[in-house]
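Values quoted throughout were computed directly from the atomic coordinates according to the rules given, and no laboratory measurement underlies them. What you see is a predicted model, and the numbers here were worked out from it, not measured in a lab. Neighbour counts are summed over all protein chains in view; Cβ atoms, including those assigned to glycine, are modelled from backbone coordinates with ideal geometry.
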Amino acid sequence: MDGVALTPLTLATDRPFGIAILAMGGQGGGVLSDWIVALAESQGWHAQSTSIAGVAQRTGATLYYIEMLKARDGLKPILSLMPSPGDVDVVVAAEWMEAGRSVLRGLVTPDRTVLVASTHRALAISEKERPGDAIAEPVAVTEALGVAARRTIAFDMQALAEQHGTVISASLFGALAGAHALPFPTEAYIKVIRAGGRGVEASVKAFEAAAARAADGGIVSAPKIPAKRLEAVPASAGHPKLDRLLARIRGDFPETAGEMLYAGARRVTDFQDAAYGAEYLDRVAGVLKLDHAPYALTQAAAKYIAVAMAYDDIIRVADLKTRGSRFDRVRREVNVAPDQILYMTEFMHPRAEEIVGMFPRGLGRWVESRQGAFAAIDRLVNKGRRLRTGTIRAFLMLYFLGGLRRWRRRTLRHAQEQAHLESWLRISAGQVAGNYDLAVEILNARRLVKGYSDTHARGLSKFDRVMGAVPMLATREDGARWMRLLVASALQDEAGTDLDGTLKTIATL
């Protein structure tokens, strides 16, 4: 327009400060995000937070993103709603593998990003759903973070939070302060926590402990999967019947198998009684007669005969769910206060097989042989049930079922398990002379059978299919290797697709 002077447009060159938080449900990621926003605003900065929810049940973390900019001339900045790869100044990961995922997403860069991460593990659904060991290797994350971030502060912040009776958000906030990743004084952080009004003292203590640890550098170390440790055979168990079992373990078996035998005897005795523990040692002794140094066959028998004898039936499940030790453990895990009441909801889905399995052997076989009667029972019981063990009715029902273990030996399920166990041991014994290594792997294959109801049925089906391959492997020098491959394939997925492929390959050899 004529006569109108145009004012040149100038763009601000200030760059916002970006913080990304990756946290799962229950870890207080939203609280941490609110704390950081309140902290920035209390120091005269503009701050904005957004969140993108992950999928429920631990298949993905929620991503919280905060941008902040120091106020200037009363003007409000326009801030981003999403983090951009390469533009994030601080990444806070509430779990170790989430720290690794932040690197894969490009949020962590070596020229810019300070990473604050807890080294503890919270297993994802993909790690839990496989029948075998699908736990991701944490060392790869450690190696990646050594070069991906400008600076890394990492230690077990979950354990520190539990130590002070709070959630991990307080520890993460403290580590953020101790790392001096934000240009704010520590006193301002504490004021924000105290303004929350709930669980203040516990949160402040966890905050201060984490801040001190982070100020020392926060040693980066990969979380280690706890190694299974066996207890040494004690001198006495404090009961004559149990002491006789210990005496047999020390006197009748090689010393190298002692710890495993003690663990197995404890398991089967807890499952039933001391007499059942004596039966367990009798069975292992039968395997020992076929064995020789270094007693690999006896070691495998000591472990997996105990697994086979202590099977999961309704009686066992009910017994475990009503033990006082379980209630105490859950109270500790969820940090129940002394004045709080804890209710647990148990999900149970028995099939007719589980119900009829509790019948006396004769009656159970009679019902199984009549399809109409069996189907009627299945229609009646085969449905999901939720039982609140904090109520008298549900607790007493489960307590009664757990108390039936004194009659377990007379049940159809027990007879079936014993017959299956004896058949498995005969298959292994039949290979000792001709293919010792294969005999050992046949015993190790028992790990496929586990769980309760549908889980047990799927595992048993895979186990029987693997045992069906023994005749094809018996004459092969590499038969033990193929047996290990079969077991590994069976553990890859519930459907057994990989197992089918391995069995077809063996058939073509």
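Here the gap between residue 388 and residue 426, fully extended at 0.36 nm per residue and compared with their Cα-Cα distance, gives a gain of 9.3 nm.
When the alpha carbon coordinates of the chain are projected onto the principal axes, the ranges are 105, 59, 54 Å, largest first. Distances over 25 Å make up what percent of all Cα-Cα pairs in the range 334-488? Everything past 25 Å amounts to 50 percent.
The label point for residue 230 and the one for residue 150, both projected 7 Å from the Cα toward the Cβ, are 5.2 nm apart.
With both residues required to sit in the chain, DSSP beta bridges show an antiparallel share near 60%. Expressed as a fraction of 2.2 N^0.38 Å, the C-alpha radius of gyration for the range 231-378 is 1.36.
Return a whole-number percent for the relative contact order of the range 284-363, with Cα pairs under 8 Å and 6 or more residues apart as the contact set.
Computed value for the range 284-363: 23 percent relative contact order.
Protection proxy ranking, highest mean first, for peptides 479-486, 466-473: 479-486, 466-473, where packing is the per-residue count of other beta-carbon atoms within 10 Å, averaged.
Which entries of 70/191; 321/450; 321/383; 228/321; 228/450 have Cα-Cα distances beyond 22 Å here?
With Cα atoms farther than 22 Å apart: 228/321.
Taking every alpha-carbon pair under 8 Å whose residues sit at least 6 apart, the chain reaches a relative contact order of 10 percent.
Fraction of C-alpha pairs exceeding 13 angstrom in the range 456-509: 53 percent, rounded to a whole number. Sorting the segments 194-205, 325-336 by their mean number of nearby beta carbons within 10 angstrom, highest to lowest, gives 194-205, 325-336. Available extension along the chain between residue 105 and residue 330 is 77.5 nm, counting 0.36 nm per residue and deducting the alpha carbon span.
Residue exposure proxy: 256, 152, ordered by other Cβ atoms within 10 angstrom of their Cβ from fewest to most, comes out as 256, 152. The length gained by stretching the chain between residue 404 and residue 81 to full extension, at 0.36 nm per residue less their Cα-Cα distance, is 110.3 nm. Sorting the Cα pairs of the range 399-509 by distance into bins of 10 Å, from 0 upward, gives 13, 41, 29, 12, 4, 0 percent per bin. Largest first, the extents of the alpha carbon coordinates of the range 162-285 on the three principal axes equal 69, 30, 21 Å.
A DSSP coil position with no more than 11 other Cβ atoms inside 10 Å describes the following trypsin sites (Lys or Arg not before Pro) in the range 254-317: 289. Within straight-line reach of residue 241, meaning a Cα separation under 24 Å, sit the following lysines at least 8 residues removed in sequence or on another chain: 303.
Between residue 419 and residue 241, the distance separating the two model label sites (each 7 Å from Cα on the Cα→Cβ line) works out to 2.8 nm.
As a calculated quantity, the FRET efficiency between residue 320 and residue 380 at R0 = 25 Å, using C-beta atoms, amounts to about 0.50.
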